[in-house]
Amino acid sequence: MNGTFAATRGLEDFQRNAAFVAFMLIVCFGVFVFITRNLRETITPLCWAAFFAVPSTLLISYFDRLINAVMSRLVQLWHRLWGSRRIECPAFVHFVAVQGDSHICLDHAPGTTAFLRKVNTPCIGCGRWLLKVLQFLRLESYFRRRVKIVSLSVQDGADEALGPEVNRLVQGWTYYVSSAGTREFALNGDEGLTSIRLELFLDASEHYAAVVPTRHPTSRTNLTGTLEMDKSSSLSWFLALILTLLLVSGGMWFFIECINLGVQSFTANLDDYKKGVEEFLNLVKPILPPSAWKELQQKISSFISDELTSLASELASALESLSFQALMFFVYLFFWIFEPLPVSSPVAEVFKSYLLMKTFICLLFSTLMSVLLLCLQCKIWSLFFVLTFLLNFIPEIGAIASAVLTVPAILFDGHLTMERRLENLIWLVIMGTAIKVFTGNVVEVQMYATMGGQFMRMHPVIIMALIMLFSSLLGVTGMFLAVPSMAAVKYYLVSTDMPEQFQHPLLIAIEGDATGPHKNFVDQQRIQQQVASNAASALELTTP
């Protein structure tokens, strides 16, 4: 009885809140439409920067971890070769604190000392000469690391909330350890000490303390927690940034070279394509009535004489606008990478998963299509490699558009006979369809099922409607961003505490599948089991 009453009460509360949320969504959507209609040139580079900044920061983090892992291996090898003795540094150290105090207390032990030295002076074991050089150049602080609170709980198991994340220690945050206190202990430590008192700061300059003592604290709760060393440093992050920029620059250079090669090949074979167009027109001339043929000739001549001039001016203005948007894109991306905006980790994972999986699918599709065009003796296959790769990011429509563009390249290729061109066109349709089915219905579906792409599961009609809606608001940019944006919305829909009476119909409508709610329930159970397993593994590591 109480359970039914609680469920009814929760449903009523949700309905009252949902009315306000629906009203706010309508207002916000109206404001969004107004802004995108009037400030599209400003919004477009910001959207692209947000789309690429999230996976870029994750890629930098990956390279950062890789660099630190390699450096740790090199340091271990250094000590083995030179036979130097060093105190083993623990992966975790435990601390106790009182909520409202500005310091934490750690056990005085050799492992704790090694841990603190490795946090603030990680180069201390790499040789005195190297340490002196870094101190002379004042580069020692660039190797300084932070500590992360991996667990934090109220002592003695008291069931008490810690309150808002203001003026208190927060689980999952990273802090700088007071460098002065650590150095003083390392040089002047007293063997009689049983604990070490440390202050934590949010910044390396130690201007923002983790906790500012108040005169009349509201709570004096005893806390216990575990610190883990964040192996990242300013230098390793900078090297990771350089590697990321080199990787991105290499990819851009490759695509630019493909475009350049395709344009050169098209220019060199322009006469063959003119010949192919003439032969095709002569082929269809007997089929068309004389009036239709005359009208077609007039339209072609009118297009060449009138439309090409205006097309050139429109292209010039479009390139001018594109150059401004490209400049703003790099400005937004530059500041976003150096000062990342706080984005929810699951949402960032949604964008990262979509971009990585979609990039792989687009690369596979464009490679197979380019090989097919090369086998069909198409001389501008490299140009279509880039076009197919970019267009395939637009779901459903992109593959159709790329297929339509390849038809004239095969049909009007004048260096082949008309019979061979028609044969190549048939092979293009058959093999192109097979490649699309293989990459879209086999590889992509399998990757979404096994690599966390459950939020990308949507009905094609919903995808087309989203593409049309976003296209009317943001143009081509909206076509690229429609699916990942809807995937983020679907994540919030699944993760929020929404009553089943509302959640299940929405999921069925989005996925177009009556089993959609059950599939999402199974996905959530798997995620929760994985999180619980990771938490249990971390607890085993942190347990002394």
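Taking amide H as placed 1.01 Å from N in the peptide plane, the amide H of Arg144 sits under 5 Å from that of Ser234, each at least 5 places away or on another chain.
Which peptide among 171-177, 436-442 comes first, and what is the full order, when sorted by highest mean count of other Cβ atoms within 10 Å? Could the numbers behind the result be given before it?
Numbers: 171-177: 17.6, 436-442: 14.4.
By packing density, highest mean first, the sequence is 171-177, 436-442.
The H on the amide N of Thr221, modeled in the peptide plane, is under 5 Å from the matching H of Gln99, each at least 5 residues off or on a different chain. Per-residue Karplus couplings for segment 480-491, computed as 6.51 cos²θ - 1.76 cosθ + 1.60 with θ equal to phi - 60°, are listed in order as 6, 8, 4, 5, x, 5, 5, 5, 5, 5, 5, 4 Hz, Gly and Pro entered as x.
Note on segment 197-263: the C-alpha convex hull projects to 8.8 nm² when averaged across all orientations.
The string of couplings for segment 462-473 from the Karplus curve (6.51, -1.76, 1.60, θ = phi - 60°) is 5, 4, 5, 5, 5, 4, 5, 5, 5, 5, 5, 8 Hz, one whole number per residue in order, with x for Gly and Pro.
Scanning residues 5 or more positions from Gln377 or on other chains, none has an amide H under 5 Å from its amide H, with H placed 1.01 Å from N in the peptide plane.
In order along segment 33-46, the phi-based Karplus estimate (6.51 cos²θ - 1.76 cosθ + 1.60, θ = phi - 60°) of 3J(HN,Hα) comes to 4, 4, 5, 5, 6, 9, 10, 5, 5, 8, 6, 4, x, 5 Hz; Gly and Pro are listed as x.
A short reminder: the numbers here are calculations on the coordinates, not readings from a lab. All figures in this text were calculated on a predicted structure; none of them were measured in a lab. Here Cβ is always computed from backbone atoms with ideal geometry, including for glycine, and neighbour counts include all displayed protein chains.
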